[in-house]
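The values are calculated or read from the model by the stated rules, or taken from the named source; none is laboratory data. Every value quoted in this text rests on a predicted model; they were computed, and no experiment measured them. As a convention, Cβ positions derive from the backbone with ideal geometry for all residues, glycine included, and neighbour counts pool all protein chains shown.
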Amino acid sequence: MLMTISSYSSNSSTFSKRKTANDSRRSSVDRRKVKRLTVRLIAAMLFFFLLFIGFSLMKGNAVSDHPAVPAVGEKLITISAGQTLWGIAGELRQEGQDIRRIIYDLKERNNLTSSTLTAGQTLIIPAD
């Protein structure tokens, strides 16, 4: 089938009008998808931010200056100047024991968050 130039041009202009109508629908759909995605991302970031803040606020109120009362078999010692957890653990260490485990147990029993000791501080020595 042969087409004349005039019918070809009229057909192409109709096609171009349809194309722009479809393009405008597609672009509005694309804009909606982008908006939805943006809202979802913002909601996810807000959720994780609030989760992070919640976990940051959850901390123990353990104070290492006032440990709990020693249980039966435990000893209470007062730290003098120059004493360290490593030195105390070395004195408590028995043959075959790992000194790192003793230090860990001392920190756990006394609610210590660091290995720094101050003179006059009291520590509970856990029972063996």
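When you check ARG25 against the structure, is it basic (Lys, Arg) and modelled with pLDDT under 60, yes or no? So ARG25 does not fit the description; no.
Only residues that are touching a residue at least 12 places away in the same chain (Cβ under 8 Å) and assigned to a loop (DSSP other than H, G, I, E, B) were counted in segment 102-119, giving 8.
For every residue, the table says whether it meets (1) hydrophobic (A, V, I, L, M, F, W, C); (2) modelled with pLDDT under 90.
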{"site": "ARG40", "(1), (2)": "no, no"}
{"site": "PHE49", "(1), (2)": "yes, no"}
{"site": "LYS59", "(1), (2)": "no, yes"}
{"site": "VAL63", "(1), (2)": "yes, yes"}
{"site": "VAL69", "(1), (2)": "yes, yes"}
{"site": "ILE77", "(1), (2)": "yes, yes"}
{"site": "SER80", "(1), (2)": "no, no"}
{"site": "ARG101", "(1), (2)": "no, no"}
{"site": "ARG109", "(1), (2)": "no, yes"}
